[in-house]
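The values are calculated or read from the model by the stated rules, or taken from the named source; none is laboratory data. Please read these numbers as outputs of a predicted model, since none were measured by experiment. For neighbour counting, all protein chains shown are included, and Cβ atoms are generated from backbone atoms with ideal geometry for every residue, glycine included. What goes into the accessible areas is simple: the full protein's heavy atoms, side chains included, and nothing from ligands, DNA or RNA. Shrake-Rupley method; radii C 1.70, N 1.55, O 1.52, S 1.80 Å.
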Amino acid sequence: MLKFKIGTIALATSLYALPGIAQQGEVRDEFFWLGQMNKATAVINTDEGLLEKSMAPRIAIGIAQVIKDGNQAGGKRPSSVITFEPLLIKAAGSEVTLLHAGRSSQDMHATYRAAIMRDDLLKLATQLNKTAGSLVKLADKHASTIVPNYTNGVAAQPNSFGHYLLGHAAGLERDAQRIREAYVRIDRSAMGTTVLNGSSWPLNRVRMADYLGFATIVDNAYDASQISSMEHPVEVGAIVTSIALHSGNFVEDVMTQYAQSRPWMLLQEGGGNTYVSSAMPQKRNPGLLNKTRREASTAITLAMGAVMQTHNITPGMPDPKEVDANSAMVNSAVNFLQSWDKVLNALVISPERALEELNSDWTASQELADVLMRKYKLPFRVGHHFASNVVDYAKANNLKPLDFPYAQAKRIYAEAVKNDSAAGFPMNEAEFRATLDPVAIIKNRASVGGPQPVEMARMLKAATQNLAQQSEWIKGKRTKIDASLTLLDHDFDKLLTMRAN
(Lines give C-alpha, C1' and ligand atoms only; values in the text may rest on other atoms or scores of the structure.)
Protein backbone atom coordinates (compact mmCIF):
# COMPACT_ATOMS: atom_id res chain seq x y z
CA MET A 1 0.00 0.00 0.00
CA LEU A 2 1.31 3.45 -0.89
CA LYS A 3 1.93 5.58 2.18
CA PHE A 4 3.11 9.15 2.43
CA LYS A 5 3.04 12.07 4.80
CA ILE A 6 1.23 15.26 3.90
CA GLY A 7 3.00 18.11 5.64
CA THR A 8 0.47 20.42 7.16
CA ILE A 9 -3.07 21.47 6.51
CA ALA A 10 -1.74 24.87 5.49
CA LEU A 11 0.24 23.25 2.67
CA ALA A 12 -2.85 21.54 1.32
CA THR A 13 -4.87 24.72 1.60
CA SER A 14 -2.25 26.72 -0.27
CA LEU A 15 -2.36 24.25 -3.15
CA TYR A 16 -6.12 24.31 -3.25
CA ALA A 17 -7.32 27.82 -4.01
CA LEU A 18 -10.98 26.79 -4.22
CA PRO A 19 -11.07 26.19 -7.97
CA GLY A 20 -14.84 25.86 -8.02
CA ILE A 21 -17.57 28.45 -8.44
CA ALA A 22 -16.50 30.53 -5.47
CA GLN A 23 -13.41 31.77 -7.28
CA GLN A 24 -13.97 35.22 -8.76
CA GLY A 25 -14.20 35.26 -12.53
CA GLU A 26 -13.92 31.48 -13.00
CA VAL A 27 -14.81 30.34 -16.50
CA ARG A 28 -16.88 27.18 -16.70
CA ASP A 29 -15.13 25.80 -19.76
CA GLU A 30 -14.07 22.23 -20.59
CA PHE A 31 -11.07 22.47 -18.25
CA PHE A 32 -13.27 23.61 -15.39
CA TRP A 33 -15.66 20.70 -15.75
CA LEU A 34 -12.86 18.13 -16.16
CA GLY A 35 -11.56 19.42 -12.84
CA GLN A 36 -14.98 19.09 -11.23
CA MET A 37 -15.40 15.54 -12.53
CA ASN A 38 -12.03 14.51 -11.12
CA LYS A 39 -12.82 16.13 -7.79
CA ALA A 40 -16.18 14.39 -7.62
CA THR A 41 -14.67 11.05 -8.62
CA ALA A 42 -12.04 11.33 -5.89
CA VAL A 43 -14.67 12.11 -3.23
CA ILE A 44 -17.23 9.49 -4.28
CA ASN A 45 -14.82 6.63 -4.95
CA THR A 46 -13.02 7.24 -1.67
CA ASP A 47 -16.27 7.24 0.29
CA GLU A 48 -17.52 4.11 -1.44
CA GLY A 49 -14.33 2.05 -1.24
CA LEU A 50 -13.37 2.17 -4.92
CA LEU A 51 -10.27 4.22 -4.07
CA GLU A 52 -8.06 3.49 -1.07
CA LYS A 53 -8.31 6.25 1.49
CA SER A 54 -4.54 6.30 1.88
CA MET A 55 -4.23 7.45 -1.72
CA ALA A 56 -6.97 10.05 -1.62
CA PRO A 57 -5.08 13.02 -0.12
CA ARG A 58 -2.20 12.85 -2.56
CA ILE A 59 -4.56 12.44 -5.52
CA ALA A 60 -6.71 15.30 -4.26
CA ILE A 61 -3.72 17.61 -3.88
CA GLY A 62 -2.62 16.71 -7.41
CA ILE A 63 -6.07 17.57 -8.78
CA ALA A 64 -6.07 20.85 -6.88
CA GLN A 65 -2.59 21.68 -8.19
CA VAL A 66 -3.61 21.14 -11.82
CA ILE A 67 -6.70 23.29 -11.35
CA LYS A 68 -4.76 26.01 -9.57
CA ASP A 69 -2.10 26.07 -12.28
CA GLY A 70 -4.77 26.25 -14.98
CA ASN A 71 -6.42 29.19 -13.27
CA GLN A 72 -3.23 31.24 -13.41
CA ALA A 73 -2.74 33.76 -16.19
CA GLY A 74 -1.39 31.85 -19.17
CA GLY A 75 -1.87 28.51 -17.40
CA LYS A 76 -2.62 25.32 -19.31
CA ARG A 77 -6.35 24.63 -19.58
CA PRO A 78 -6.63 21.47 -21.68
CA SER A 79 -10.06 20.66 -23.02
CA SER A 80 -9.79 16.89 -23.41
CA VAL A 81 -9.27 13.95 -21.07
CA ILE A 82 -6.12 12.80 -22.86
CA THR A 83 -4.45 16.20 -22.47
CA PHE A 84 -5.75 16.79 -18.93
CA GLU A 85 -4.58 13.46 -17.55
CA PRO A 86 -0.82 13.97 -18.15
CA LEU A 87 -1.00 17.06 -15.96
CA LEU A 88 -2.62 14.97 -13.21
CA ILE A 89 0.07 12.30 -13.52
CA LYS A 90 2.79 14.93 -13.27
CA ALA A 91 1.18 16.42 -10.16
CA ALA A 92 0.20 13.23 -8.32
CA GLY A 93 1.89 10.25 -9.96
CA SER A 94 0.49 7.43 -12.03
CA GLU A 95 -1.76 6.31 -9.15
CA VAL A 96 -4.02 9.24 -10.03
CA THR A 97 -5.20 7.28 -13.08
CA LEU A 98 -7.09 5.01 -10.68
CA LEU A 99 -9.72 7.75 -10.98
CA HIS A 100 -10.26 6.72 -14.57
CA ALA A 101 -11.72 3.33 -13.67
CA GLY A 102 -15.15 3.11 -15.29
CA ARG A 103 -14.70 6.39 -17.13
CA SER A 104 -13.91 7.35 -20.70
CA SER A 105 -13.35 10.50 -22.68
CA GLN A 106 -16.72 9.70 -24.28
CA ASP A 107 -18.82 10.03 -21.14
CA MET A 108 -16.64 12.78 -19.65
CA HIS A 109 -16.79 14.91 -22.79
CA ALA A 110 -20.53 14.29 -23.15
CA THR A 111 -20.93 15.46 -19.56
CA TYR A 112 -18.98 18.69 -19.89
CA ARG A 113 -20.69 19.46 -23.18
CA ALA A 114 -24.07 19.11 -21.48
CA ALA A 115 -22.90 21.22 -18.54
CA ILE A 116 -21.63 24.00 -20.81
CA MET A 117 -24.74 23.92 -23.00
CA ARG A 118 -26.82 24.07 -19.82
CA ASP A 119 -25.01 27.26 -18.79
CA ASP A 120 -25.38 28.64 -22.32
CA LEU A 121 -29.13 27.97 -22.26
CA LEU A 122 -29.49 29.86 -18.99
CA LYS A 123 -27.57 32.76 -20.50
CA LEU A 124 -29.89 32.70 -23.51
CA ALA A 125 -32.96 32.43 -21.28
CA THR A 126 -31.82 35.47 -19.30
CA GLN A 127 -31.42 37.69 -22.36
CA LEU A 128 -34.63 36.37 -23.90
CA ASN A 129 -36.48 37.33 -20.73
CA LYS A 130 -34.91 40.79 -20.77
CA THR A 131 -35.90 41.43 -24.38
CA ALA A 132 -39.39 40.03 -23.81
CA GLY A 133 -39.63 42.30 -20.78
CA SER A 134 -38.92 45.31 -22.97
CA LEU A 135 -41.68 44.17 -25.34
CA VAL A 136 -44.18 43.88 -22.51
CA LYS A 137 -43.16 47.20 -20.99
CA LEU A 138 -43.61 48.93 -24.35
CA ALA A 139 -46.94 47.14 -24.83
CA ASP A 140 -48.16 48.52 -21.53
CA LYS A 141 -47.09 52.03 -22.54
CA HIS A 142 -48.92 51.77 -25.88
CA ALA A 143 -51.97 49.75 -24.84
CA SER A 144 -54.22 52.55 -26.13
CA THR A 145 -52.11 53.65 -29.10
CA ILE A 146 -54.05 52.82 -32.27
CA VAL A 147 -51.95 51.96 -35.32
CA PRO A 148 -52.35 50.18 -38.68
CA ASN A 149 -51.53 46.49 -38.85
CA TYR A 150 -50.56 44.86 -42.12
CA THR A 151 -51.09 41.55 -43.89
CA ASN A 152 -49.36 40.66 -47.15
CA GLY A 153 -47.55 43.97 -46.77
CA VAL A 154 -50.82 45.92 -47.09
CA ALA A 155 -52.58 47.95 -44.40
CA ALA A 156 -55.31 45.61 -43.14
CA GLN A 157 -56.94 46.64 -39.86
CA PRO A 158 -56.52 49.07 -36.99
CA ASN A 159 -55.05 47.63 -33.83
CA SER A 160 -53.61 48.63 -30.50
CA PHE A 161 -49.82 48.86 -30.81
CA GLY A 162 -49.65 47.28 -27.38
CA HIS A 163 -51.73 44.35 -28.62
CA TYR A 164 -49.37 43.92 -31.56
CA LEU A 165 -46.37 43.90 -29.22
CA LEU A 166 -48.01 41.36 -26.91
CA GLY A 167 -48.40 39.12 -29.95
CA HIS A 168 -44.64 39.17 -30.40
CA ALA A 169 -44.17 38.64 -26.65
CA ALA A 170 -46.38 35.55 -26.89
CA GLY A 171 -44.00 34.14 -29.50
CA LEU A 172 -41.04 34.72 -27.21
CA GLU A 173 -42.93 33.08 -24.34
CA ARG A 174 -43.15 29.93 -26.44
CA ASP A 175 -39.42 30.20 -27.06
CA ALA A 176 -38.94 30.41 -23.29
CA GLN A 177 -41.04 27.26 -22.94
CA ARG A 178 -38.83 25.54 -25.52
CA ILE A 179 -35.75 26.48 -23.51
CA ARG A 180 -37.25 25.02 -20.33
CA GLU A 181 -38.25 21.84 -22.14
CA ALA A 182 -34.84 21.40 -23.79
CA TYR A 183 -33.11 22.13 -20.49
CA VAL A 184 -34.75 19.06 -18.95
CA ARG A 185 -33.24 16.84 -21.64
CA ILE A 186 -29.81 18.46 -21.45
CA ASP A 187 -29.64 18.60 -17.64
CA ARG A 188 -28.61 14.94 -17.38
CA SER A 189 -25.22 13.47 -16.56
CA ALA A 190 -23.56 10.91 -18.84
CA MET A 191 -20.77 10.24 -16.30
CA GLY A 192 -20.17 6.59 -15.53
CA THR A 193 -21.46 5.22 -18.82
CA THR A 194 -17.93 4.97 -20.30
CA VAL A 195 -18.26 4.47 -24.06
CA LEU A 196 -21.19 2.25 -24.98
CA ASN A 197 -22.35 -0.18 -22.30
CA GLY A 198 -21.30 1.02 -18.88
CA SER A 199 -18.60 -0.41 -16.64
CA SER A 200 -17.88 -3.33 -14.33
CA TRP A 201 -17.04 -0.74 -11.67
CA PRO A 202 -20.09 0.00 -9.47
CA LEU A 203 -19.85 3.74 -9.94
CA ASN A 204 -22.37 5.94 -8.17
CA ARG A 205 -23.69 7.80 -11.19
CA VAL A 206 -26.49 9.53 -9.31
CA ARG A 207 -24.15 11.01 -6.71
CA MET A 208 -21.83 12.18 -9.51
CA ALA A 209 -24.76 13.89 -11.22
CA ASP A 210 -25.70 15.59 -7.95
CA TYR A 211 -22.18 16.96 -7.41
CA LEU A 212 -22.09 18.40 -10.93
CA GLY A 213 -25.48 20.06 -10.53
CA PHE A 214 -27.41 17.79 -12.88
CA ALA A 215 -31.02 16.93 -12.18
CA THR A 216 -30.55 13.27 -13.12
CA ILE A 217 -28.53 10.84 -15.24
CA VAL A 218 -28.87 9.74 -18.84
CA ASP A 219 -30.43 6.34 -18.21
CA ASN A 220 -29.19 4.31 -21.18
CA ALA A 221 -25.41 4.03 -21.39
CA TYR A 222 -25.41 3.82 -25.19
CA ASP A 223 -27.74 6.80 -25.48
CA ALA A 224 -25.55 8.90 -23.19
CA SER A 225 -22.68 9.65 -25.55
CA GLN A 226 -23.85 8.14 -28.82
CA ILE A 227 -27.38 9.52 -29.31
CA SER A 228 -28.58 12.20 -26.89
CA SER A 229 -25.36 14.20 -26.94
CA MET A 230 -25.74 14.56 -30.71
CA GLU A 231 -29.32 15.77 -30.30
CA HIS A 232 -28.48 18.60 -27.92
CA PRO A 233 -26.97 21.08 -30.43
CA VAL A 234 -29.71 20.30 -32.95
CA GLU A 235 -32.47 20.97 -30.43
CA VAL A 236 -30.84 24.14 -29.17
CA GLY A 237 -30.28 25.18 -32.77
CA ALA A 238 -34.02 24.86 -33.37
CA ILE A 239 -34.67 27.19 -30.43
CA VAL A 240 -32.11 29.70 -31.68
CA THR A 241 -33.75 29.54 -35.12
CA SER A 242 -37.21 30.18 -33.70
CA ILE A 243 -36.07 33.20 -31.72
CA ALA A 244 -34.14 34.55 -34.71
CA LEU A 245 -37.20 34.24 -36.95
CA HIS A 246 -39.29 36.13 -34.41
CA SER A 247 -36.64 38.83 -34.28
CA GLY A 248 -36.40 39.09 -38.07
CA ASN A 249 -40.18 39.35 -38.46
CA PHE A 250 -40.32 42.27 -36.06
CA VAL A 251 -37.32 44.03 -37.59
CA GLU A 252 -38.83 43.82 -41.07
CA ASP A 253 -42.08 45.35 -39.81
CA VAL A 254 -40.16 48.36 -38.56
CA MET A 255 -37.97 48.42 -41.65
CA THR A 256 -40.97 48.86 -43.97
CA GLN A 257 -41.74 52.15 -42.22
CA TYR A 258 -38.48 53.56 -43.59
CA ALA A 259 -39.88 53.18 -47.11
CA GLN A 260 -42.66 55.65 -46.28
CA SER A 261 -42.28 59.37 -46.70
CA ARG A 262 -44.13 59.94 -43.43
CA PRO A 263 -43.66 56.93 -41.14
CA TRP A 264 -45.49 56.56 -37.84
CA MET A 265 -42.75 54.40 -36.29
CA LEU A 266 -39.01 55.10 -36.42
CA LEU A 267 -35.83 54.69 -34.42
CA GLN A 268 -34.63 57.59 -32.33
CA GLU A 269 -31.89 59.18 -34.42
CA GLY A 270 -28.27 58.99 -33.32
CA GLY A 271 -26.71 56.88 -30.60
CA GLY A 272 -25.84 54.10 -33.03
CA ASN A 273 -29.49 53.67 -34.02
CA THR A 274 -29.22 55.43 -37.36
CA TYR A 275 -26.50 56.85 -39.59
CA VAL A 276 -26.43 59.44 -42.36
CA SER A 277 -25.84 58.67 -46.01
CA SER A 278 -22.46 59.69 -47.42
CA ALA A 279 -24.15 61.05 -50.55
CA MET A 280 -27.79 61.83 -49.78
CA PRO A 281 -28.18 64.33 -46.95
CA GLN A 282 -31.88 63.59 -46.37
CA LYS A 283 -31.34 59.92 -45.51
CA ARG A 284 -31.19 58.47 -42.02
CA ASN A 285 -30.39 54.80 -42.48
CA PRO A 286 -31.64 52.41 -39.77
CA GLY A 287 -28.27 50.91 -38.88
CA LEU A 288 -29.49 49.21 -35.72
CA LEU A 289 -32.22 47.39 -37.65
CA ASN A 290 -29.68 46.22 -40.22
CA LYS A 291 -27.37 45.03 -37.46
CA THR A 292 -30.12 43.12 -35.65
CA ARG A 293 -31.30 41.43 -38.84
CA ARG A 294 -27.73 40.50 -39.80
CA GLU A 295 -27.05 39.03 -36.36
CA ALA A 296 -30.27 37.02 -36.46
CA SER A 297 -29.35 35.67 -39.90
CA THR A 298 -25.90 34.72 -38.59
CA ALA A 299 -27.51 32.82 -35.71
CA ILE A 300 -29.72 30.87 -38.11
CA THR A 301 -26.68 30.04 -40.23
CA LEU A 302 -24.85 28.64 -37.19
CA ALA A 303 -27.95 26.73 -36.08
CA MET A 304 -28.25 25.08 -39.48
CA GLY A 305 -24.62 24.03 -39.15
CA ALA A 306 -25.49 21.72 -36.25
CA VAL A 307 -28.15 20.03 -38.38
CA MET A 308 -25.83 19.57 -41.35
CA GLN A 309 -23.02 18.21 -39.18
CA THR A 310 -25.34 15.65 -37.56
CA HIS A 311 -26.74 14.55 -40.91
CA ASN A 312 -25.56 11.18 -42.29
CA ILE A 313 -22.98 10.27 -39.65
CA THR A 314 -22.85 7.20 -37.45
CA PRO A 315 -23.93 7.56 -33.79
CA GLY A 316 -21.49 9.21 -31.44
CA MET A 317 -19.33 10.99 -33.98
CA PRO A 318 -17.98 14.32 -32.72
CA ASP A 319 -18.94 16.45 -35.73
CA PRO A 320 -21.85 18.39 -34.15
CA LYS A 321 -20.60 18.31 -30.58
CA GLU A 322 -17.80 20.88 -30.51
CA VAL A 323 -18.21 23.25 -27.58
CA ASP A 324 -16.83 26.33 -29.33
CA ALA A 325 -19.19 26.02 -32.29
CA ASN A 326 -22.26 25.34 -30.17
CA SER A 327 -21.49 28.10 -27.69
CA ALA A 328 -20.95 30.47 -30.63
CA MET A 329 -24.40 29.53 -31.91
CA VAL A 330 -26.06 30.35 -28.58
CA ASN A 331 -23.99 33.50 -28.10
CA SER A 332 -25.06 34.70 -31.54
CA ALA A 333 -28.66 34.47 -30.34
CA VAL A 334 -27.78 36.44 -27.23
CA ASN A 335 -26.21 39.08 -29.47
CA PHE A 336 -29.25 39.64 -31.69
CA LEU A 337 -31.55 39.61 -28.67
CA GLN A 338 -29.45 42.38 -27.15
CA SER A 339 -29.71 44.34 -30.39
CA TRP A 340 -33.46 43.72 -30.55
CA ASP A 341 -33.75 45.03 -27.03
CA LYS A 342 -31.98 48.21 -28.15
CA VAL A 343 -34.44 48.52 -31.04
CA LEU A 344 -37.37 48.28 -28.67
CA ASN A 345 -35.94 50.94 -26.42
CA ALA A 346 -35.15 53.21 -29.37
CA LEU A 347 -38.58 53.13 -31.03
CA VAL A 348 -40.38 56.43 -31.44
CA ILE A 349 -44.12 56.06 -32.08
CA SER A 350 -46.33 58.85 -33.40
CA PRO A 351 -49.96 58.06 -32.43
CA GLU A 352 -51.17 61.09 -34.38
CA ARG A 353 -49.43 60.02 -37.57
CA ALA A 354 -50.64 56.39 -37.13
CA LEU A 355 -54.23 57.56 -36.72
CA GLU A 356 -53.86 59.85 -39.72
CA GLU A 357 -52.76 56.88 -41.82
CA LEU A 358 -55.71 54.83 -40.60
CA ASN A 359 -58.12 57.64 -41.44
CA SER A 360 -56.58 58.10 -44.87
CA ASP A 361 -57.18 54.46 -45.82
CA TRP A 362 -60.04 51.99 -45.47
CA THR A 363 -58.62 49.59 -42.86
CA ALA A 364 -61.91 49.95 -40.92
CA SER A 365 -64.09 48.75 -43.79
CA GLN A 366 -64.51 45.21 -42.44
CA GLU A 367 -66.31 46.70 -39.44
CA LEU A 368 -69.13 47.78 -41.73
CA ALA A 369 -69.79 44.16 -42.67
CA ASP A 370 -69.39 42.99 -39.05
CA VAL A 371 -71.86 45.53 -37.63
CA LEU A 372 -74.41 44.91 -40.37
CA MET A 373 -74.29 41.19 -39.62
CA ARG A 374 -74.14 41.41 -35.80
CA LYS A 375 -76.70 44.16 -35.32
CA TYR A 376 -78.89 44.01 -38.42
CA LYS A 377 -78.59 40.28 -39.29
CA LEU A 378 -77.36 40.95 -42.82
CA PRO A 379 -75.41 37.94 -44.20
CA PHE A 380 -71.71 38.63 -43.88
CA ARG A 381 -70.90 38.11 -47.54
CA VAL A 382 -73.58 40.60 -48.55
CA GLY A 383 -72.26 43.13 -46.05
CA HIS A 384 -68.73 42.43 -47.23
CA HIS A 385 -69.82 43.09 -50.82
CA PHE A 386 -71.36 46.40 -49.74
CA ALA A 387 -68.21 47.46 -47.87
CA SER A 388 -66.01 46.47 -50.81
CA ASN A 389 -68.12 48.62 -53.14
CA VAL A 390 -67.82 51.54 -50.72
CA VAL A 391 -64.03 51.20 -50.84
CA ASP A 392 -64.01 50.97 -54.63
CA TYR A 393 -66.09 54.14 -54.92
CA ALA A 394 -63.95 55.96 -52.36
CA LYS A 395 -60.68 55.13 -54.11
CA ALA A 396 -62.07 56.03 -57.52
CA ASN A 397 -63.13 59.41 -56.17
CA ASN A 398 -60.18 60.00 -53.81
CA LEU A 399 -62.40 59.95 -50.72
CA LYS A 400 -61.21 59.19 -47.20
CA PRO A 401 -63.40 57.42 -44.63
CA LEU A 402 -64.18 60.59 -42.69
CA ASP A 403 -65.22 62.35 -45.91
CA PHE A 404 -67.36 59.65 -47.47
CA PRO A 405 -70.85 60.97 -48.39
CA TYR A 406 -73.58 59.26 -46.41
CA ALA A 407 -75.92 59.51 -49.39
CA GLN A 408 -73.52 57.46 -51.49
CA ALA A 409 -73.36 54.84 -48.73
CA LYS A 410 -77.15 54.50 -48.87
CA ARG A 411 -77.12 54.21 -52.66
CA ILE A 412 -74.37 51.58 -52.70
CA TYR A 413 -76.14 49.62 -49.97
CA ALA A 414 -79.39 49.56 -51.93
CA GLU A 415 -77.58 48.14 -54.95
CA ALA A 416 -75.71 45.57 -52.88
CA VAL A 417 -78.81 44.14 -51.15
CA LYS A 418 -81.44 44.48 -53.90
CA ASN A 419 -81.61 40.72 -54.33
CA ASP A 420 -81.48 39.97 -50.59
CA SER A 421 -83.54 42.63 -48.82
CA ALA A 422 -86.07 45.34 -49.58
CA ALA A 423 -85.09 47.36 -46.54
CA GLY A 424 -83.01 50.52 -46.77
CA PHE A 425 -79.63 51.19 -45.26
CA PRO A 426 -80.20 50.49 -41.53
CA MET A 427 -77.41 52.73 -40.19
CA ASN A 428 -78.01 56.43 -39.61
CA GLU A 429 -75.21 58.79 -40.54
CA ALA A 430 -73.79 59.00 -37.01
CA GLU A 431 -73.60 55.22 -36.69
CA PHE A 432 -72.07 54.89 -40.16
CA ARG A 433 -69.28 57.28 -39.27
CA ALA A 434 -68.73 55.76 -35.82
CA THR A 435 -68.37 52.34 -37.42
CA LEU A 436 -65.45 53.66 -39.45
CA ASP A 437 -63.69 55.14 -36.39
CA PRO A 438 -60.50 53.10 -35.72
CA VAL A 439 -60.45 54.01 -32.02
CA ALA A 440 -64.06 52.91 -31.54
CA ILE A 441 -63.37 49.65 -33.39
CA ILE A 442 -60.65 48.70 -30.89
CA LYS A 443 -62.75 49.64 -27.87
CA ASN A 444 -65.72 47.64 -29.16
CA ARG A 445 -63.85 44.37 -29.73
CA ALA A 446 -65.54 41.64 -27.69
CA SER A 447 -63.65 38.38 -28.32
CA VAL A 448 -61.11 36.98 -25.88
CA GLY A 449 -57.59 37.92 -26.83
CA GLY A 450 -58.54 41.13 -28.58
CA PRO A 451 -57.10 44.64 -28.08
CA GLN A 452 -60.01 46.04 -26.04
CA PRO A 453 -58.92 47.58 -22.69
CA VAL A 454 -60.19 44.76 -20.44
CA GLU A 455 -58.39 42.12 -22.49
CA MET A 456 -55.23 44.20 -22.75
CA ALA A 457 -55.15 44.48 -18.96
CA ARG A 458 -55.59 40.73 -18.60
CA MET A 459 -52.92 39.83 -21.15
CA LEU A 460 -50.45 42.36 -19.79
CA LYS A 461 -50.86 40.84 -16.34
CA ALA A 462 -50.37 37.33 -17.72
CA ALA A 463 -47.29 38.34 -19.72
CA THR A 464 -45.76 40.01 -16.66
CA GLN A 465 -46.40 36.88 -14.60
CA ASN A 466 -44.77 34.74 -17.29
CA LEU A 467 -41.67 36.92 -17.18
CA ALA A 468 -41.51 36.69 -13.39
CA GLN A 469 -41.92 32.90 -13.46
CA GLN A 470 -39.20 32.55 -16.08
CA SER A 471 -36.89 34.72 -14.01
CA GLU A 472 -37.49 32.49 -10.98
CA TRP A 473 -36.90 29.40 -13.09
CA ILE A 474 -33.54 30.76 -14.28
CA LYS A 475 -32.59 31.74 -10.75
CA GLY A 476 -33.57 28.30 -9.42
CA LYS A 477 -31.49 26.43 -11.99
CA ARG A 478 -28.43 28.58 -11.39
CA THR A 479 -28.82 28.21 -7.64
CA LYS A 480 -29.05 24.44 -8.01
CA ILE A 481 -25.81 24.25 -9.99
CA ASP A 482 -23.96 26.64 -7.69
CA ALA A 483 -25.12 24.83 -4.57
CA SER A 484 -24.01 21.47 -5.97
CA LEU A 485 -20.57 22.78 -6.87
CA THR A 486 -20.24 24.44 -3.47
CA LEU A 487 -21.01 21.10 -1.79
CA LEU A 488 -18.45 19.40 -4.01
CA ASP A 489 -15.82 21.98 -3.03
CA HIS A 490 -16.64 21.41 0.65
CA ASP A 491 -16.37 17.63 0.43
CA PHE A 492 -13.27 17.75 -1.75
CA ASP A 493 -11.64 20.05 0.80
CA LYS A 494 -11.93 17.24 3.35
CA LEU A 495 -9.75 15.04 1.15
CA LEU A 496 -7.14 17.76 0.95
CA THR A 497 -6.86 18.02 4.70
CA MET A 498 -7.14 14.29 5.45
CA ARG A 499 -3.98 12.59 6.78
CA ALA A 500 -2.89 9.27 5.32
CA ASN A 501 -3.27 6.18 7.50
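Exactly one residue among VAL448, VAL439 is surrounded by fewer than 19 Cβ atoms within 10 Å (Cβ to Cβ), touching a strand residue (DSSP E or B) at 6+ places or on another chain (Cβ under 8 Å) and of a type outside the set (Gly, Ala, Ser), and that residue is VAL439. Just the residues that are more than 30 Å from ARG118 (Cβ to Cβ) and open to solvent by less than 70 Å² (accessible area, probe 1.4 Å), please, taken from region 451-475. Within region 451-475, PRO451, GLN452, GLU455, MET456, ALA457, MET459, LEU460 meet the criteria.
Filter region 154-193 down to the residues that are part of a loop (DSSP other than H, G, I, E, B) and either open to solvent by 50 Å² or more (accessible area, probe 1.4 Å) or of a type in the set (D, E, K, R) (or both) and list them by number. Within region 154-193, just ASP187 meets the criteria. Filtered by the rule that a residue be among the hydroxyl-bearing types (Ser, Thr, Tyr), touching a strand residue (DSSP E or B) at 6+ places or on another chain (Cβ under 7 Å) and open to solvent by less than 30 Å² (accessible area, probe 1.4 Å), region 128-153 gives a lone residue, THR145. Which members of region 406-436 meet the condition of being open to solvent by 50 Å² or more (accessible area, probe 1.4 Å), part of a helix (DSSP H, G or I) and small (Gly, Ala, Ser)? The answer is ALA407, ALA414, ALA430, ALA434.
The residues of region 212-241 that are outside any helix (DSSP H, G or I) and polar (S, T, N, Q), listed by number, are THR216, ASN220.
Filtering LEU378, LEU399, LEU368, LEU436 for residues that are touching a Leu at 6+ places or on another chain (Cβ under 6 Å), more than 20 Å from TYR164 (Cα to Cα) and not hydroxyl-bearing (Ser, Thr, Tyr) leaves a single hit, LEU378. Here ILE44 passes the criteria (1) assigned to a loop (DSSP other than H, G, I, E, B); (2) of a type in the set (A, V, I, L, M); (3) within 26 Å of GLN226 (Cβ to Cβ) except the one numbered (1). Going by what's in this entry, would LEU196 be described as among the hydrophobic types (A, V, I, L, M, F, W, C) and open to solvent by less than 40 Å² (accessible area, probe 1.4 Å)? The answer is no for LEU196. Right, GLN65: open to solvent by 30 Å² or more (accessible area, probe 1.4 Å), part of a helix (DSSP H, G or I), within 27 Å of THR497 (Cβ to Cβ) and in contact (Cβ under 8 Å) with a residue 40 or more places away in the chain or not? Answer is yes for this residue. SER332 meets the conditions (1) hydroxyl-bearing (Ser, Thr, Tyr); (2) crowded, with 21+ Cβ neighbours inside 10 Å; (3) without any contact (Cβ under 8 Å) to a residue 24 or more places away in the chain in every case but one. The failed one is (3). Do we find that LEU355 is within 38 Å of the chain's Cα centre (by Cα), open to solvent by 30 Å² or more (accessible area, probe 1.4 Å), modelled with pLDDT of 90 or more and farther than 30 Å from LEU122 by Cα in this structure? Here the answer is yes, as LEU355 does meet what is asked. Contact map, region 458-472: residues that are in contact (Cβ under 8 Å) with a residue 24 or more places away in the chain paired with residues that are open to solvent by 80 Å² or more (accessible area, probe 1.4 Å), Cβ distance under 6 Å, separation 6+ or inter-chain. Pairs shown: LEU460/ASP140.
Residues of region 76-98 that are farther than 24 Å from ALA110 by Cα and open to solvent by 30 Å² or more (accessible area, probe 1.4 Å): LYS90, ALA91, SER94, GLU95.
Checked against the criterion of being within 30 Å of LEU196 (Cα to Cα), open to solvent by 10 Å² or more (accessible area, probe 1.4 Å), touching a residue at least 40 places away in the same chain (Cβ under 8 Å) and aliphatic (A, V, I, L, M), region 262-270 has no qualifying residue. Listed by first and then second residue, the pairs linking a residue in region 378-399 that is within 15 Å of GLU367 (Cβ to Cβ) to a residue that is basic (Lys, Arg) and at pLDDT below 95, with Cβ atoms under 8 Å apart and 6 or more places separating them unless they lie on different chains, are ALA394/LYS400. Which residues, taken from region 396-405, are under 17 Å from LEU358 (Cβ atoms), open to solvent by 50 Å² or more (accessible area, probe 1.4 Å) and not in a loop (DSSP other than H, G, I, E, B)? Scanning region 396-405 gives LEU402, ASP403. Only a single item in (1) farther than 30 Å from SER80 by Cα; (2) surrounded by fewer than 21 Cβ atoms within 10 Å (Cβ to Cβ); (3) in contact with a helix residue (DSSP H, G or I) (Cβ under 8 Å, 6 or more places away or on another chain) is not met by ARG284, and it is number (3). The sole residue among ALA209, ALA244 that is part of a helix (DSSP H, G or I), in contact with a strand residue (DSSP E or B) (Cβ under 8 Å, 6 or more places away or on another chain), modelled with pLDDT of 95 or more and open to solvent by less than 10 Å² (accessible area, probe 1.4 Å) is ALA209.
Candidates are the residues of region 441-454 that are touching a residue at least 60 places away in the same chain (Cβ under 8 Å) and part of a helix (DSSP H, G or I); the one that is farthest from HIS168 (Cα to Cα) is ILE441. Take SER365 and decide whether it is closer than 19 Å to VAL154 by Cα and free of Cβ contacts under 8 Å to residues at least 60 places away in the same chain. So SER365 fails the test.
If I ask for residues that are over 24 Å from SER484 (Cα atoms) and out of contact with any helix residue (DSSP H, G or I) (no Cβ under 9 Å at 6 or more places or on another chain), which ones from region 194-218 would you list? SER200, the sole residue that qualifies.
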